[in-house]
1. Please name which of Ala215, Val76, Gly4 has its Cα lying farthest along the dipole of the chain towards the positive end, using unit charges on Cβ (Lys, Arg +1; Asp, Glu -1) and the Cα centre as origin.
2. Compute the distance in nm between two label points, each set 7 Å from the Cα along the Cα-to-Cβ direction, one at Arg38 and one at Leu150.
3. Just name one of Gly32, Gly115, His137: the one whose Cα is farthest towards the positive end of the charge dipole of the chain (beta-carbon charges, Lys/Arg +1, Asp/Glu -1).
4. Using a probe of 1.4 angstrom, how much of the accessible area of the chain is carbon and sulfur, in percent?
5. How would Arg211, Arg152 line up by accessible area, probe 1.4 Å, largest first?
6. Take the alpha-carbon centre of the range 72-126, take the same for the range 1-39, and report the distance between them in whole Å.
7. I need to check one value: relative contact order of the range 108-232, counting alpha carbon pairs closer than 8 Å and at least 6 residues apart, in percent.
8. Across the range 60-66, in residue order, what do the Karplus-derived ³J(HN,Hα) couplings come to in whole Hz, using 6.51 cos²θ - 1.76 cosθ + 1.60 with θ = phi - 60° and x for Gly and Pro?
Amino acid sequence: MGLGQSWHYVREAYRRIWRAYERANLVATLGGVDRWRREAVSLYYRRFGESPLKVVDAGAGPGNMARCLKGIRYVVALDATPEMLSLNAEADEKIVGIFEQMPFRDGSFDLLVAGYSLHASIDIERATAEFARVAKHQVVVSIGKPDNKLARRLLLLYTKHVLPWLVCLFTPRDVCLEYKKIHTIVQALPTNSKLREVVERYAEVIDFRVRAWGAVYLYLASSRLSSTQQRR
């Protein structure tokens with residue numbers, strides 16, 4: 001469940017689009033990209049009421065997800081693409097790595113955030129297991145795959161035929177052509193309900209929401225170990 005061998009194909013796209021990444025995302029989401037980041041982060045503050053001290057930003061890119069946080073003391077940015085990390089001015093430490101083998105000890109972080117990155121995993125189940133292992137809590141927002149068949153079909157048509165053309169209106173041609181690979185990502189995704197089931201194998205889901213008719217999901221979860229400790 002995930003991109004598997006196609007991950008290398010998609011990773012090369014991220015290495016080419018890094019300069020126009022955020023502009024292209026604004027176009028692709030029709031302006032919703034930051035709104036959904038902020039909504040996802042707000043789930044944490046409403047539930048726990050205080051700022052996390054130590055955060056890992058998984059698939060950090062230029063640091064847009066960490067930028068939504070307040071009062072944090074230390075941020076570690078992890079990304080498989082060095083070019084993306086070169087733009088990151090939010091992190092105290094930058095690490096090139098993958099979700100499925102995160103180079104951190106169990107419970108190293110108060111919070112893991114992942115903004116529009118889980119969908120590009122090699123193996124989504126291994127990634128979510130690692131998320132729960134390294135952090136007490138998780139805030140994730142990502143491209144989803146609607147449970148509704150009609151919405152799912154429309155999303156696949158949008159990513160295959162409309163999205164690359166739309167991005168081409170606002171970005172260089174070499175960037176917009178790479179956005180055809182979003183269709184590959186969506187094809188490989190589990191539906192949102194299946195994704196939630198995967199997350200729940202390793203963490204307690206506190207809040208799970210879908211937006212844009214299921215094309216985006218966001219959730220707040222606590223690791224099993226963290227949840228057990230809180231009940232004591």
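The values are calculated or read from the model by the stated rules, or taken from the named source; none is laboratory data. The shown structure was predicted, so the numbers you read here are calculated from the model rather than taken from an experiment. For neighbour counting, all protein chains shown are included, and Cβ atoms are generated from backbone atoms with ideal geometry for every residue, glycine included. When the accessible area is computed, the model is the full protein with side chains, heavy atoms only, and any ligands, DNA or RNA have been set aside. Shrake-Rupley method; radii C 1.70, N 1.55, O 1.52, S 1.80 Å.
1. Positive-most Cα among the choices belongs to Ala215.
2. 3.2 nm
3. Farthest towards the positive end: Gly32.
4. In the chain, the share of accessible area belonging to carbon and sulfur is 52 percent.
5. Greatest to least solvent exposure: Arg211, Arg152.
6. If you average the Cα positions of each part, the centres end up 15 Å apart.
7. 32 percent
8. Result, rounded to whole Hz: 5, x, x, x, 5, 6, 4.
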